[in-house]
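See below for the structure under consideration.
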Amino acid sequence: MENITIKDILTATGGKLLCGDENKKITHFCIDSRQADDTSLFVPIIGERVDAHKFMAGTLDAGAASFTQEHDSYEHEQPVIAVKDTIKAMQDLAIYYRNKMDLPIVAVTGSVGKTTTREMITCVLKGKLKAFETSGNQNSQIGVPLTIDKMDFNDEIAVLELGMSERGQINILTNIAQPNIAVVTNVGVAHIEQLKTRENICAEKLDIQNGLKDGGMLFINGDNDMLSKYAPEIVHYPYTFYGLGENCDIRATDIQEKNGQTNFICHIDGHQYPITLNTLGKHNVLNALAAIGVGVRFGVPIEVASKQLQAFKGQRQDIRESNGYTVIDDTYNASPDSMKASLSILDTMKDKHNKVAVLADMLELGDNSPNYHKEVGIYLASTSITHLFAVGEMIDYTIEGVEEHNSSIEIRKFDNNDELTTALKQFLQPNDAVLLKGSNGMKLKEIANQL
């Protein structure tokens, strides 16, 4: 943050100054007491196991100011601001700071693909503008204020990622970000355990429009069954469909995957442009279409966008050569849609000897979890993948789907990750390819690191 004082914070939050100098300048939020310094504002968060108010005194001694929701009075030379809710106060200050900045913001949400889409959009925009983007995975009720905190007046545009796990959270985040452009990548079943139906998830994602500034618009995945059905009913801003279908305003045709690259023709505004990506998968074609659309909106020539995308390498799917075989590390998270997208990448590797899918449970899918896992197995059975190495409890339903539809795929089930790791090291040979995919809680990343 720039040019923010305690007095500004009081105005933004409606808080009460219990002690300290209202003219003290603050440059950033701090939620880790160990990182507190004399320009930070400590936000003590009450978690499930720890109430961070117990670290407040130490941050004040380090020279920081602090919010509190547990004190009516306090004595210290550093500022202490009493608020009703420290997270809400953090969000209010982020709104205040966002309103001091004139730069346009692009906000991205969706069940799957929002991080890669956000990265591609930023990559395209950097062909013309000084673009700021969400760091890592800071897309939550706390992460978005922390992201806005890092923006400065030299930035020309920002691309933020908005995530959610419960109904109403996108509405909060979009009103903090106040985007000029919103992108909705898709509606899947991530968080269906909390939101119960895909219709509820769709409504939640499309709530991103609620924070749009005047003149704002949306880019929406027109291939997604839920978005294509409900967007015309729900969205009250101009929107553009992107995808592969004929209903899409920005469209890809002639998709070809070869030698680790994806080539396609982008149809936009009555013109056709050849695009090359150094990433695989039709889902990445969709991500690129969104990036091209946003880029054009902000004056990035298609030719520049094409060059930017050809140089793009995202953080999610890490494909590496190791010991003569190819490792596709896509262990960040998992849902049925992202599972199938990753399996399709392994499927395209035509020159490989063995194609090994290492799959673990997809978590938080609610009562229909068995069906979602079996759906993945049925999809896997339709590919050229030769082996399934599986671990977990729900993964048994994936195995069932494979066995019922393709008896030629060799299946091995393991009791734990250690057994799985040992078996992989013994099995994999030069010219094999192995994909690792599962929810974070299944800890497949540890196996990927060992490979």
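The values are calculated or read from the model by the stated rules, or taken from the named source; none is laboratory data. Bear in mind the structure is a predicted one, so any value in this text is a computation, not a measurement. All Cβ positions, glycine included, derive from the backbone under ideal geometry; neighbour counts span all protein chains shown. Surface accessibility is based on the protein's heavy atoms, side chains included, excluding ligands, DNA and RNA. Shrake-Rupley method; radii C 1.70, N 1.55, O 1.52, S 1.80 Å.
Here are the numbers for the structure shown:
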quantity: Candidate lysines - alpha carbon under 28 Å from residue 355, same-chain residues fewer than 8 apart omitted; calculated: 114, 258, 282, 313, 340, 374, 413, 425, 437, 443, 445
quantity: The stretch 159-243 - Rg over Rh from alpha carbon coordinates, Kirkwood radius; calculated: 0.93
quantity: Calculated FRET efficiency for the pair residue 425/residue 11, C-beta based, R₀ 56 Å, to 0.05; calculated: 0.40
quantity: Projected-area average for the stretch 335-451 over all orientations - Cα convex hull basis, square nanometres; calculated: 6.5
quantity: Descending principal axes extents, the stretch 230-287, alpha-carbon based, whole Å; calculated: 42, 22, 15
quantity: Listed residues 54, 413 arranged by accessible area, highest first, probe 1.4 Å; calculated: 54, 413
quantity: For the chain: accessible area per residue (Å², 1.4 Å); calculated: 43
quantity: Dimensionless Rg ratio for the stretch 94-181, taking C-alpha atoms and the 2.2 N^0.38 Å reference; calculated: 0.99
quantity: Fully extended contour minus Cα-Cα distance, from residue 194 to residue 57, at 0.36 nm per residue; calculated: 45.6 nm
quantity: FRET efficiency, 1/(1 + (r/R0)^6) with R0 30 Å, evaluated for residue 156 and residue 273 via beta carbons; calculated: 0.80
quantity: Cross-link pairs 126/205; 88/196; 128/307 - those with Cα-Cα distance over 20 Å; calculated: 126/205; 88/196
quantity: For the chain, calculated [θ]222 nm from helices alone, where every DSSP H run of n ≥ 4 adds -39500 (n - 2.57); calculated: -10500 deg cm²/dmol
quantity: Radius of gyration, Dmax [the stretch 1-121; alpha carbons; angstrom]; calculated: 15.8, 49
quantity: Kirkwood Rh and Cα Rg combined as Rg/Rh, the stretch 73-128; calculated: 1.19
quantity: Reference-scaled alpha-carbon Rg (2.2 N^0.38 Å with N residues) for the chain; calculated: 1.06
quantity: Reference-scaled alpha-carbon Rg (2.2 N^0.38 Å with N residues) for the stretch 280-369; calculated: 1.33
quantity: Largest-first ordering by accessible area, 1.4 Å probe, given options 207, 72; calculated: 72, 207
quantity: Kirkwood-based Rg to Rh ratio, the stretch 1-41, C-alpha trace; calculated: 0.95
